[in-house]
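So the structure is just underneath, and the comments pick up after that.
Throughout, read-outs are computed from the coordinates displayed, never taken from laboratory work. Keep in mind it's a predicted model, so treat the numbers as computed, not measured. Cβ placement follows ideal geometry from the backbone for every residue including glycine, while neighbour counts extend to all protein chains displayed.
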Amino acid sequence: MEKEDAVIILGAGDYPRHEVPQRLLRSADRVVCCDGAAEEYIRREGKLPWRIVGDGDSLGEEFKERYREIVRCFSEQENNDQTKATLYLMEHGVKEIVYLGATGRREDHTIGNVSLLVDYMNRGLRVKMYTDKGVFVPARDRFTDEMLPEEVKNSQTISIFSFGAENLRSSGLQYPLHDLNSWWQGTLNRITDKHFTIEAKGCFLLYLPYKA
């Protein structure tokens, strides 16, 4: 069976400027816009997203009426728009999601959106988040260089953020890993070998910048 392409969720943060997220956005078969991202996507790309999902608070009534066939509003406030879009896709059988436009503007939204990647992974999804600087990838128990997205396979820098992971250890990195008590402790490590491995009991989040 042919592998289904990932669905893009475009957030209302900074609109993608780097060539990597721009290429992903423009080549995607299905793009889901989180509320306020829809107007900018339509204006910039000159086409409609597959769906517009959120609580609808940043969409005007005229806009919602014009695009009513693709707008899906959920008024509950237990989840942010990124998660509402994610849950909507899960209900439609989507297993792989790429997040764009999820960072920038408000720092609290950025931290929240990035941290949710671990939650989505634990729900059984394959997820990645591309920014204008690099890629966030959640992992559980074991991660190797073979699991890296193509866009950062040549990156020489890696940051690791623990989400309660224990017995963290690594090979192929400049600074050996240990259990991390604070997010800063795993930042700015370097990949020194062609192949590297990170192992732990639990969840962690990786960030790799695009190679300049």
Tell me, how many Å apart are the Cα centres for the stretch 189-207 and for the stretch 46-80?
38
Would you mind computing, in nm to one decimal, how far apart the modelled labels at N167 and E107 are, each placed 7 Å from Cα along Cα→Cβ?
3.6
Note on the chain: C-alpha Rg/Rh, Kirkwood Rh, two decimals, gives 0.99
Virtual spin-label span in nm between D57 and Q77, 7 Å along Cα→Cβ
0.6
What 222 nm value per residue comes from the helices of the chain, counting each DSSP H run with n ≥ 4 as -39,500 (n - 2.57) and dividing by all residues, nearest 500 deg cm²/dmol?
-7000 deg cm²/dmol
Extension gain D5-H18, at 0.36 nm per residue separation less the Cα-Cα distance, in nm?
2.6 nm
So if I place +1 on the C-beta of Lys and Arg and -1 on the C-beta of Asp and Glu, and nothing else carries charge, what would the dipole magnitude of the stretch 126-212 be about its Cα centre? I want it in debye, nearest 20.
80
Multiply the residue separation of K201 and E146 by 0.36 nm, subtract the distance between their alpha-carbon atoms, and state the gained length in nm to one decimal.
17.8 nm
Output the peptides 78-88, 64-74 sorted from most to least packed, where packing is the average of other Cβ atoms within 10 Å over each peptide's residues.
78-88, 64-74
Among I9, N167, L188 the positive-end extreme of the charge dipole of the chain (Cβ point charges):
L188
